[in-house]
Amino acid sequence: MNQDQTKALLVGIEDCKTDFSVVFTGKKSSMVNGLYKPLTREILIHNKNFQNDGQLVYTAIHEYAHHLHCEKGAFVPGARAHTNEFWSIFHGLLEKAEKKGSYTNSFATEPEFVEMTRKIRALLPENGRLMLDFGKLVVEAEALCRKHFVRFEDYLDRAIGVPRTSAGAAMKAYAYQVPADLGWDAMKLVSGIKTPETRAAAIDAFMAGKSPETVKALVKAEKPSDDPKHRLAKERERLERTIHTLQERLSLVESELEKLEEE
């Protein structure tokens with residue numbers, strides 16, 4: 001594949017509002033396979049890194065996801081590039097590429113991967129059921145603590161040595177009767193959702209095979225705005241708060257330095 005073919009493939013998966021360029025560096029890099037430059041809208045691909053076109057396409061889709069993500073934010077670089085929203089965009093592009101035949105998912109086509117996935121996924125419900133049983137017992141333990149007028153947190157800390165966050169998540173999973181088939185990590189994520197409707201949507205998404213990052217983006221309380229002006233305004237507010245906090249901290253440090261110099 002050449003640069004033009006790669007760009008055409010990306011636009012064929014999902015169109016964008018802002019033009020971009022794809023550049024093959026002709027180099028081999030031990031650090032990264034590619035990178036995206038938001039200020040110049042360039043996707044750089046170290047094409048000497050790959051053994052086949054599938055690897056190149058995967059990297060190109062990853063970097064194109066950065067372009068689409070930055071497009072939503074008016075190309076103002078944020079503190080983090082790989083947010084839940086980014087991963088949701090990236091995984092969505094991969095799904096579309098698979099349906100269009102632009103990318104082959106080896107996890108679903110290679111027999112060795114299919115068998116490995118079957119073995120691992122067979123363990124998830126068992127793990128989930130154990131955590132539901134654990135949550136039930138912890139709920140009973142909390143009631144016992146109330147009966148004997150002792151601190152439940154102290155019981156978790158000293159009697160069974162379980163982190164409070166883990167115990168709390170198990171209790172919620174039991175109370176909400178989160179399906180054990182999801183596996184504990186997904187159950188823990190779902191149990192942290194307060195709204196029944198949103199919780200149900202998250203369960204459906206996991207059941208449909210969506211990634212944890214995609215589900216997190218789905219259930220995020222405040223949906224990201226597609227309006228660049230709104231996003232820039234929110235970013236300005238965040239930066240102003242950060243600057244204010246740093247200025248206060250700087251003032252305090254300077255004051256303490258002055259005191260030390262006077263001694």
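The values are calculated or read from the model by the stated rules, or taken from the named source; none is laboratory data. Everything numeric in this text was worked out from a predicted model, so none of it was measured. We place every Cβ from the backbone using ideal geometry, glycine too, and count neighbours over all the protein chains shown. Note: accessible area is taken over every heavy atom of the protein model, side chains too, but ligands, DNA and RNA are not part of it. Shrake-Rupley method; radii C 1.70, N 1.55, O 1.52, S 1.80 Å.
Could you tell me what percent of the accessible area of the chain is made up of carbon and sulfur, with a 1.4 Å probe and every protein chain present?
It is 55 percent, rounded to a whole number.
Using alpha carbon centroids, what distance separates segment 186-200 and segment 113-150, in Å?
Value for the Cα centre distance between the two parts: 16 Å.
Please report the Cα spread of segment 124-263 along all three principal axes, rounded to whole Å, starting with the longest.
Per principal axis, max minus min of the Cα coordinates gives 62, 48, 24 Å.
Return one whole number: the accessible area per residue of the chain in Å², for a 1.4 Å probe.
65 Å²
Relative contact order of segment 1-85, please, whole-number percent, based on alpha carbon pairs below 8 angstrom and at least 6 residues apart.
27 percent
Given the chain, what percent of its DSSP beta bridges are antiparallel, to the nearest 5?
Taking every DSSP beta bridge within the chain, about 50 percent pair in antiparallel fashion.
Can you give me the span-like helices of the chain, meaning DSSP H runs with 15 Å or more of Cα extent along the axis and Kyte-Doolittle mean at or above 0.0?
3-13, 196-207
May I ask for the percentage of alpha-carbon pairs in segment 1-97 that lie more than 21 Å from each other?
26 percent
Tell me the mean residue ellipticity at 222 nm calculated for the chain from its helices only (DSSP H runs of n ≥ 4, each -39500 (n - 2.57), averaged over every residue, nearest 500).
Using -39500 (n - 2.57) per qualifying helix, the result is -21000 deg cm²/dmol.
Distance from a point 7 Å along Cα→Cβ of ARG151 to each backbone N in segment 159-203: keep the residues under 18 Å and list them by number.
So the set is 159-168.
Pairs of Cα atoms under 8 Å, at least six residues apart: use those to get the relative contact order of the chain, whole percent.
16 percent
Strictly greater than 25 Å: what percent of every Cα pair in the chain meets that?
Summing the P(r) of the chain above 25 Å gives 63 percent of all pairs.
How charged is the neighbourhood of ASN105? Take every other residue with its Cβ under 13 Å from the Cβ of ASN105, and add Lys/Arg as +1 and Asp/Glu as -1.
Overall, the nearby charge balance is 0.
Once you have all Cα-Cα distances for segment 79-158, histogram them in 5 Å bins from zero and send the whole-percent values.
3, 11, 10, 9, 11, 11, 10, 10, 9, 7, 5, 2, 0
In percent, how large is the relative contact order of segment 70-186, given Cα pairs closer than 8 Å and 6 or more residues apart?
Computed value for segment 70-186: 29 percent relative contact order.
Given a Förster radius of 41 Å and the C-beta distance between ARG118 and LEU218 as r, what FRET efficiency does 1/(1 + (r/R0)^6) yield to the nearest 0.05?
0.95
Subtracting the Cα-Cα distance from 0.36 nm times the residue separation, let me have the gained length for ALA175 to LYS72 in nm, one decimal.
33.3 nm
For SER106 paired with ASP185, estimate the spin-label separation in nm (one decimal), with each label point 7 Å from Cα along the Cα-to-Cβ line.
1.9 nm
Sort 143-150, 1-8 for me by packing, meaning the mean count of neighbouring Cβ atoms within 10 Å per residue, highest on top.
In descending order of packing, they fall as 1-8, 143-150.
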